[in-house]
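Please treat every number below as a calculation from the coordinates, not as lab data. In this text, all values refer to a predicted model and were calculated from it rather than measured experimentally. Glycine also receives a Cβ, built like all others from the backbone with ideal geometry; neighbour counts cover every protein chain displayed.
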């Protein structure tokens, strides 16, 4: 069986490809909520699906196991991990391709080849991957959007959007391999990351809103963000209300805010000391307020 199952024959004009994955690179559900919002609100249609057979170890965890449904003793659904590709025709510019799936466990090269080789026939203009990461940031501040690029010239395009350029060394995800695979093919790729507070281990619509606001500018499309903006505002209010019930947590949040604000202004020599302070504050909030925040 082919790795790509195509459901509809389509023609596209120099599309942008945006990818988001369930799993490790989805802190605060930023990646998946961003993709789901675009799929619903453009709206986008299904183009194809990647055959999951060779890309997942189904018994690794509850998240990669197939999902089933049984009603009155009868099996009514069996759903393995999926990677579905959607499309949207843009009358005013580049068309849009959206891939929403679970990060593959194995065979990253073949997975990336399946996507890029099959979609390159449309003349891919640019590729974006969307991720969420837990970071040293209070929920009361605007979340940072950072980027990793595979072409130096892309930094110039991002400067006016107030995007940070990431520094990191450690374990990677499929986004990193896709950056490399695109570079080999001569395709520009931007990996965007939204910072979610690491003491709030739940879906974070505020970060998704800021991610979407950045992404639609880069895509050159118009999508109303009022719904998710409102969700983000309500989310922040609920978290603040929960923390306010504990004076100690409220005081530590204040210190976290001060330390974070200073870190945004500090030079490299001061930043380590400030980040250690932030880490201590977050440890308190995560431990002492866990029952309220999670």
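Please work out the FRET efficiency for the pair residue 49 and residue 261, using the Cβ-Cβ distance as r and a Förster radius of 45 Å; give the result to the nearest 0.05.
On the way: r = 45 Å, r/R0 = 1.01.
FRET efficiency, residue 49 to residue 261: 0.50.
By average Cβ neighbour count within 10 Å, what is the ranking of 176-183, 228-235, 241-248 from highest down? All intermediate terms of the calculation are to be shown ahead of the outcome.
On the way: 176-183: 19.2, 228-235: 16.9, 241-248: 13.6.
By packing density, highest mean first, the sequence is 176-183, 228-235, 241-248.
Could you work out how far helix 247-265 tilts from the main Cα principal axis of the chain, as a 0 to 90 degree angle to the nearest 10?
Approximately 70 degrees, to the nearest 10.
Would you order 83, 169, 118 from fewest to most other beta-carbon atoms within 10 Å of each residue's own beta-carbon?
Details: 83 24, 169 5, 118 17.
Least to most surrounded, the residues fall as 169, 118, 83.
With an 8 Å cut-off on Cα pairs and a minimum separation of 6 or more residues, tell me the relative contact order of the chain in percent.
Details: 523 pairs, mean separation 60.9, N = 294.
Computed over the chain, the figure is 21 percent.
Count the DSSP beta bridges whose two residues both fall in the chain, then state the antiparallel fraction as a percent rounded to the nearest 5.
Values: 23 of 47 bridges.
About 50 percent, rounded to the nearest 5.
Have a look at 165, 128, 21 and tell me which one the Gaussian network model of the chain (Cα, springs below 10 Å) gives the largest fluctuation.
165
Does anyone have the angle between helix 268-288 and the longest principal axis of the chain? Alpha-carbon axes, 0 to 90°, nearest 10?
The helix 268-288 is inclined about 90 degrees to the chain.
Round to the nearest 10 and give me the degree value, 0 to 90, for the angle of helix 205-219's Cα axis relative to the longest principal axis of the chain.
With both axes taken from Cα atoms, the answer is about 50 degrees.
To make sure I understand, if each residue's beta carbon is the centre and we count other beta carbons within 10 Å, what order do 141, 102 fall in, fewest to most? Don't skip to the end; give the middle numbers.
Working: 141 16, 102 20.
So the ranking, lowest neighbour count to highest, is 141, 102.
Take 19, 202 and order them by how many other Cβ atoms sit within 10 Å, fewest up front.
Values: 19 24, 202 11.
Lowest to highest Cβ neighbour count: 202, 19.
Give me the mean projected area, in nm² to one decimal, of the convex hull enclosing the Cα positions of the chain.
Working: hull surface 71.5 nm².
The orientation-averaged projected area of the Cα hull of the chain comes to 17.9 nm².
If you stretched the chain out fully between residue 201 and residue 184, how much longer would it get, using 0.36 nm times the residue separation minus the C-alpha to C-alpha distance?
On the way: separation 17, 0.36 × 17 = 6.12 nm, distance 3.59 nm.
Gain on stretching residue 201 to residue 184: 2.5 nm.
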